[in-house]
1. From the list 146, 137, exactly one residue is in a loop (DSSP other than H, G, I, E, B) and modelled with pLDDT under 90. Which is it?
2. Answer yes or no: is there a residue in segment 31-39 that is among the β-branched types (Val, Ile, Thr), touching a helix residue (DSSP H, G or I) at 6+ places or on another chain (Cβ under 7 Å) and either closer than 30 Å to residue 88 by Cα or part of a helix (DSSP H, G or I) (or both).
3. Go over the candidates 27, 15, 62 one by one and state the one that is part of a helix (DSSP H, G or I), free of Cβ contacts under 8 Å to residues at least 12 places away in the same chain and over 17 Å from residue 119 (Cα atoms).
4. Under the condition of being β-branched (Val, Ile, Thr) and within 24 Å of residue 99 (Cβ to Cβ), which residue from segment 15-47 is surrounded by the most Cβ atoms within 10 Å (Cβ to Cβ)?
5. Restricting the search to segment 65-101, which residues are aliphatic (A, V, I, L, M) and either buried (at least 20 other Cβ atoms within 10 Å of the Cβ) or not in a helix (DSSP H, G or I) (or both)?
6. Can you tell me which residue within segment 149-188, out of those that are aliphatic (A, V, I, L, M), farther than 17 Å from residue 2 by Cβ and modelled with pLDDT of 85 or more, is farthest from the chain's Cα centre (by Cα)?
7. If I filter segment 116-134 down to residues being of a type in the set (Gly, Ala, Ser) and modelled with pLDDT of 90 or more, which single residue comes out as farthest from residue 37 (Cα to Cα)?
Amino acid sequence: MFSIALIISIFIGVALAILVHNNPRLANVWFNVLNVVETIPELALFIFLLPILGLGERPTIAACIAYSILPIMRNAYTGLAYVSSEYVEIATAMGLTKNEILLKIRFPMALPLISGGVRVAVVYIMGIVTLGGLIAAGGLGVPLQAGIYRYDIPAIIIAALWVGTLGVFFDFIAWIIENRLARRYNPW
């Protein structure tokens, strides 16, 4: 569930940012829509998704995607839209088309920011996947849910520590990737 939701979120978030990076009004519309989705509590979103997608992994993956698109899109948009105009002017003077500038100048320079959005999305997805155990999605939430239902405090603590440790681990991996991309693509 985690990797599927993350891959789909990255694809959609970056694709939306590419589509709107030259149109601030359209970007604003998308950001407002995604902000509204993000203000809905996760459990309430599950309640909306259950009649449509049923129990199991599908509503959990859909909720993960809905919540994690915004940080990825916001960071990708910022990275693409705010590349120094000097680089764009030089590339234009060299005869690069808008698509070539996007692929060869803007996108590589935006990668560190995109990876920062992915890092935030990883944390969101970890939390939502854990809550997915409440709607029969399996995964990380099952041990926590079992401990809660049995009122087994040691099991709850162990499950919470396990989920927290995984969250910190994935955040650390995303941080390493973000720093490597920043060093590689930082023009300064």
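1. Values: 146 fails: in a loop (DSSP other than H, G, I, E, B).
Exactly one of 146, 137 is in a loop (DSSP other than H, G, I, E, B) and modelled with pLDDT under 90, namely 137.
2. To start, the set of residues in segment 31-39 that are among the β-branched types (Val, Ile, Thr) comprises 33, 36-37, 39.
From what's left, touching a helix residue (DSSP H, G or I) at 6+ places or on another chain (Cβ under 7 Å): 37.
Restricting the remaining residues to those that are either closer than 30 Å to residue 88 by Cα or part of a helix (DSSP H, G or I) (or both) gives 37.
Yes, that holds for at least one residue.
3. On the way: 27 fails: free of Cβ contacts under 8 Å to residues at least 12 places away in the same chain; 62 fails: free of Cβ contacts under 8 Å to residues at least 12 places away in the same chain.
From the options 27, 15, 62, the qualifying one is 15.
4. Step one: list which residues in segment 15-47 are β-branched (Val, Ile, Thr), which gives 18, 20, 29, 33, 36-37, 39-40, 47.
From what's left, within 24 Å of residue 99 (Cβ to Cβ): 18, 20, 29.
Working: 18: 18, 20: 21, 29: 12.
Filtering first and then ranking leaves 20.
5. Our first condition is that a residue be aliphatic (A, V, I, L, M); within segment 65-101, this holds for 65-66, 69-70, 72-73, 76, 80-81, 83, 88, 90-91, 93-94, 96, 101.
Residues satisfying the conditions are 65, 66, 69, 70, 72, 73, 76, 80, 83, 94, 96.
6. Pass one, segment 149-188, residues aliphatic (A, V, I, L, M): 153, 155-161, 163, 166, 168, 173-174, 176-177, 181-182.
Of the ones still in play, those that are also farther than 17 Å from residue 2 by Cβ are 153, 155-158, 160-161, 176, 181-182.
Those left that are additionally modelled with pLDDT of 85 or more: 153, 155-158, 160-161, 176.
Values: 153: 32, 155: 30, 156: 27, 157: 27, 158: 27, 160: 22, 161: 23, 176: 16 Å.
Here the residue is 153.
7. So in segment 116-134, the residues of a type in the set (Gly, Ala, Ser) come out as 116-117, 121, 127, 132-133.
Now restrict to residues that are modelled with pLDDT of 90 or more: 116-117, 121.
On the way: 116: 20, 117: 17, 121: 14 Å.
Applying the filter and picking the extreme gives 116.
Every residue, every condition in (1) of a type in the set (D, E, K, R); (2) touching a Leu at 6+ places or on another chain (Cβ under 9 Å); (3) on the phi > 0 side of the Ramachandran plot; (4) touching a residue at least 24 places away in the same chain (Cβ under 8 Å), yes or no:
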site	(1), (2), (3), (4)
126	no, yes, no, yes
142	no, no, no, no
145	no, yes, no, no
152	yes, no, no, no
162	no, yes, no, no
169	no, no, no, no
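The values are calculated or read from the model by the stated rules, or taken from the named source; none is laboratory data. In this text, all values refer to a predicted model and were calculated from it rather than measured experimentally. Positions of Cβ are generated from backbone atoms using ideal geometry, with glycine treated the same way; all protein chains shown enter the neighbour counts.
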